[in-house]
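Peer 1: Got a structure here, written out as structure tokens. Questions coming.
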Amino acid sequence: MVHLELAKYGKDKVRIFRIVRRADGTHDVAEYIVRCLVEGDISRAWTHSDNTSIVATDSIKNTVNVFAKRSPHVLQPETFALELGLHFVTTYSHLHKCSVDITQLKWSRISCQGKPHKHSFVRNGDDKRFTSVVVDATKGKNQITATCQSGIKDLLVLKSTASSFENYVFDQYTTLKPVDDRIFSTAVECTYTIPIPSSSLTAAALPRLGIDFDAIWQSAEATTLEIFATHNSASVQATMYLMCEKVLKDNAAVSEIGYELPNKHYIAPDLSYIGLKNTDPKDAEVFTPVDAPAGLIIANVRREAKAKI
């Protein structure tokens with residue numbers, strides 16, 4: 001005997017670009033990649049070839065486009081995702097959960113003569129803001145809850161000094177030499193959890209959530225960059241923990257935060273064959289970037305109820 005453990009479907013890679021035109025001629029823009037998946041009383045489509053409960057994935061894509069046009073929250077990815085999720089679980093009685101993932105591509109205003117241009121933008125980095133929202137009505141349409149995880153990914157950073165790695169386990173498998181000065185480079189992935197108050201969880205109440213998602217994102221990015229740049233790092237582990245501590249200290253709305261920091265290795269080639277010193281940290285000036293294999297350092301820090309951070 002078997003049973004269907006999970007049934008979920010929707011539309012992935014929905015590309016959205018939205019222009020919001022202000023009265024003074026200023027344009028705001030947002031470019032998203034959206035994934036929207038639904039769950040509920042839909043299992044017969046799998047087990048009995050019965051599509052009568054299925055909202056077509058094309059209809060889900062169309063809904064995303066319509067909400068991108070109509071929504072007052074379209075420039076704010078977390079609130080826009082919550083609005084989409086609420087729509088699906090309240091519009092369709094047989095759908096009880098909706099997961100909305102949004103990746104925001106970067107567009108920054110071009111500076112002209114020291115002033116931001118009203119309608120011209122540049123993609124000045126591959127880093128992306130993202131959010132993953134789950135709206136859950138499984139306990140009833142009048143008891144809707146939601147979870148929200150947001151963050152930053154593909155934020156490539158490098159410092160050319162103020163990083164070391166020493167005093168680690170040294171045994172028969174160890175060939176890595178301790179260094180008191182090295183290049184530290186990584187592609188930051190930072191994910192933080194923002195609890196959503198269920199008492200406010202209706203589409204009409206979204207403006208009253210009292211959560212400044214944009215300020216949290218800006219704080220997390222600024223903290224990541226500042227600590228990366230200024231911390232005299234004894235290890236990736238030590239640096240990322242300081243990042244976690246400060247984001248939690250500065251943002252009361254964040255309950256948990258995690259980082260994944262893969263090492264981007266830069267190896268100093270031996271140039272002694274031609275009489276040049278390049279292998280000791282004090283002499284190393286030429287490096288070979290190495291993609292793989294790469295160290296991967298992960299941490300997750302949670303705010304305890306009585307903790308003082």
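Peer 1: Nothing charged except the Cβ atoms of Lys and Arg (+1) and of Asp and Glu (-1): what's the magnitude of the dipole of the range 175-300 about its Cα centre? Round to the nearest 20 debye.
Peer 2: Magnitude of the dipole: close to 140 debye.
Peer 1: Spelling out what I want: for every residue of the range 138-144, take phi, set θ = phi - 60°, compute 6.51 cos²θ - 1.76 cosθ + 1.60 (Karplus), and round to whole Hz; glycine and proline get x.
Peer 2: So the Karplus estimates, Gly and Pro as x, are 5, 8, x, 5, 9, 10, 6 Hz.
Peer 1: Using packing as a proxy for protection, rank 219-226, 127-134 so that the peptide with the highest average count of other Cβ atoms within 10 Å comes first.
Peer 2: The packing order, highest mean first, is 127-134, 219-226.
Peer 1: May I ask you to list the aspartates and glutamates whose Cα is less than 15 Å away from that of Lys153, ignoring any residue fewer than eight positions away on the same chain?
Peer 2: List returned: Asp101, Asp126, Asp127, Glu189, Glu221, Glu260.
Peer 1: Ordered by residue, what ³J(HN,Hα) values in Hz, to whole numbers, does the range 37-52 give under the Karplus form 6.51 cos²θ - 1.76 cosθ + 1.60, where θ = phi - 60° and Gly and Pro are x?
Peer 2: Listing the rounded values in order: 10, 10, 9, x, 7, 10, 5, 5, 5, 7, 8, 10, 6, 10, 8, 5 Hz.
Peer 1: Still on this structure, I have one more. Over the chain, with a Gaussian network built from C-alpha contacts below 10 Å, which listed residue (Ser120, Ser272, Ser43) shows the highest mean-square fluctuation?
Peer 2: Comparing Ser120, Ser272, Ser43 in the GNM, the peak value goes to Ser272.
Peer 1: Tell me which residues come under 5 Å, amide H to amide H, from Ala268 once H is placed; ignore anything under 5 positions away on its chain.
Peer 2: For Ala268, whose amide H was placed from the backbone, the distant partners under 5 Å are Thr288.
Peer 1: Quick one: 3J(HN,Hα) in Hz for the range 116-126, Karplus 6.51/-1.76/1.60 with θ = phi - 60°, rounded, Gly and Pro as x.
Peer 2: For the range 116-126, the Karplus-derived couplings read x, 5, 5, 9, 10, 9, 9, 8, 9, x, 8 Hz, x marking Gly and Pro.
Peer 1: Which of the residue pairs Lys13/Lys141; Lys8/Lys264; Lys13/Lys106 have a Cα-Cα distance greater than 25 Å in the structure shown?
Peer 2: The answer is Lys13/Lys141; Lys8/Lys264.
Peer 1: What ranking do 49-58, 238-247 get when scored by the average of other Cβ atoms within 10 Å per residue, highest first?
Peer 2: 238-247, 49-58
Peer 1: Span-like helices, the chain: DSSP H, alpha-carbon axial extent 15 Å or more, mean Kyte-Doolittle -0.5 or greater, which ones?
Peer 2: 77-91, 213-230, 236-250
We did not get these values from a lab; they are worked out from the coordinates using the rules stated. Everything numeric here is computed off the predicted structure, so don't read it as measured data. For neighbour counting, all protein chains shown are included, and Cβ atoms are generated from backbone atoms with ideal geometry for every residue, glycine included.
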